[in-house]
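Taking it in order: structure first as C-alpha cells, then the write-up.
The values are calculated or read from the model by the stated rules, or taken from the named source; none is laboratory data. This one's a predicted model, so the numbers in the text were calculated from it and none came from an experiment. A quick note on method: Cβ atoms are made from the backbone with ideal geometry, for glycine too, and the neighbour counts reach across all protein chains shown.
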Ligand SMILES: C[S@@+](CC[C@H](N)C(=O)[O-])C[C@H]1O[C@@H](n2cnc3c(N)ncnc32)[C@H](O)[C@@H]1O
C-alpha cells in the first residue's frame, strides 16, 4: 500500500512547499550539495518523491537527473511539476522496486538523496550499491533522518516513530559513516542538522496549528488533521530531545576504483 497517498502529498506540500516531502526547500538542497559543481553532471536521485529537489538540481545547478521512487503517483506528480518548472528535458523518472539499484556500474557522477534512505532497511547493501553505480571520482551527497545514539531509550523518538506509521529503519551518524567507509567511500563526512530542524520544526508546528490549519483540513479532514497534529507534535518533540537527527551525508568514490 502507498505510504505517500495523494492526500498525504497535499498535506506535506502545504508545509514543505510544492514538490517537497521533506523540510528546508531549495536552500536545503543547496546546502546538501554545497561545494559540488553539478553543471552538466548525471545525478541519480534516490527516493525523489514529488521531485522538488530534482527541480532544484536541474534548474539551479544544471544537472541531468535520473529520479527513482517506489510509488508511481509520486513520479507522476514529480513529472507534472518539472514540466511546469520548464526542466522536463533534464529529468528522467523511473519506477523501481525496493532492492538493488537497476543501473549499470560506474554510471553517475553524483548520487543524491533527500530524506529517503530512512525507508531502506539494508544500509550495507544500499551503500555498496551506491558505490557501484557511481563513476570513479563521483560524489555521494544526501540528507537522511538519522537517530541519536540512545534511540531505543528516547521516548520522544519512539513515540514519533509509532505515530508516524511509516516504514522507518534509522541508523546513527556513526553507524552510517562506518557502513559508508566499509562500502569504500573516502572522506566520509556527516553534518548534524538537529539544531536547525529543532527550530524549524517548532515553526512548522506553529503554522500547522495556526495559519495552515484550514488549508490542511480542506485537503484532508478534521479527523486526519487532529491525528497529524499529534504526529507533528511528536516530530518536534523527537527533534527537540535529540533522538531524531536530520543529517547531511557526504562521501566520494576514488578515481582509482
Ligand atoms: C520523505 S520522502 C522524500 C522525498 C524527496 N526526496 C523529498 O525530499 O521531497 C521519502 C521517499 O522515499 C521513497 N522511497 C521509499 N522506499 C524507497 C526505495 N526502496 N527506493 C527508492 N525510493 C524509496 C518514498 O516513496 C518517498 O518518495
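Here are some notes:
- Residue in the stretch 210-217 that is touching a helix residue (DSSP H, G or I) at 6+ places or on another chain (Cβ under 8 Å), outside any helix (DSSP H, G or I) and modelled with pLDDT of 95 or more present: yes
- Inter-residue pairs, beta-carbon under 6 Å, first within 12 Å of residue 139 (Cα to Cα) and touching a residue at least 24 places away in the same chain (Cβ under 8 Å) and in the stretch 164-190, second within 16 Å of the ligand (Cβ to nearest atom) and not in a helix (DSSP H, G or I), 6+ apart: none
- Qualifying residue in the stretch 233-240 (condition: surrounded by 19 or more Cβ atoms within 10 Å (Cβ to Cβ), free of Cβ contacts under 8 Å to residues at least 40 places away in the same chain and touching a helix residue (DSSP H, G or I) at 6+ places or on another chain (Cβ under 9 Å)): yes
- Test: residue in the stretch 180-188 that is part of a helix (DSSP H, G or I) and buried (at least 19 other Cβ atoms within 10 Å of the Cβ): yes
Here is a yes/no grid of residues against (1) within 16 Å of the ligand (Cβ to nearest atom); (2) in contact (Cβ under 8 Å) with a residue 60 or more places away in the chain; (3) in a strand (DSSP E or B); (4) touching a helix residue (DSSP H, G or I) at 6+ places or on another chain (Cβ under 9 Å):
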site: 53; (1), (2), (3), (4): yes, yes, no, yes
site: 58; (1), (2), (3), (4): yes, no, no, yes
site: 68; (1), (2), (3), (4): yes, no, yes, yes
site: 75; (1), (2), (3), (4): yes, no, no, no
site: 105; (1), (2), (3), (4): no, no, no, yes
site: 135; (1), (2), (3), (4): no, yes, yes, no
site: 142; (1), (2), (3), (4): yes, yes, yes, yes
site: 159; (1), (2), (3), (4): no, yes, no, yes
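- Any hit, the stretch 7-22, residues being away from the ligand (no atom under 13 Å from the Cβ), exposed (fewer than 15 other Cβ atoms within 10 Å of the Cβ) and modelled with pLDDT of 95 or more: yes
- Selection status of residue 101, touching a strand residue (DSSP E or B) at 6+ places or on another chain (Cβ under 9 Å) and within 10 Å of the ligand (Cβ to nearest atom): yes
- Among residues of the stretch 161-179 being assigned to a helix (DSSP H, G or I) and in contact with a strand residue (DSSP E or B) (Cβ under 7 Å, 6 or more places away or on another chain), the one that is nearest to residue 123 (Cα to Cα) is 176.
- Residue within the stretch 193-204 that is under 26 Å from residue 10 (Cα atoms) and without any contact (Cβ under 8 Å) to a residue 12 or more places away in the chain present: yes
- Test: residue 118 is over 27 Å from residue 56 (Cα atoms), within 16 Å of the ligand (Cβ to nearest atom), surrounded by 15 or more Cβ atoms within 10 Å (Cβ to Cβ) and under 19 Å from the mean Cα position of the chain (by Cα): no
- Qualifying residue in the stretch 93-103 (condition: under 19 Å from residue 38 (Cβ atoms), crowded, with 24+ Cβ neighbours inside 10 Å, at pLDDT 95 or above and under 18 Å from the mean Cα position of the chain (by Cα)): no
- So residue 128, is it within 16 Å of the ligand (Cβ to nearest atom) and modelled with pLDDT of 95 or more: yes
- Which numbered condition residue 36 misses (of (1) near the ligand (Cβ under 9 Å from one of its atoms); (2) part of a loop (DSSP other than H, G, I, E, B); (3) crowded, with 16+ Cβ neighbours inside 10 Å): (1)
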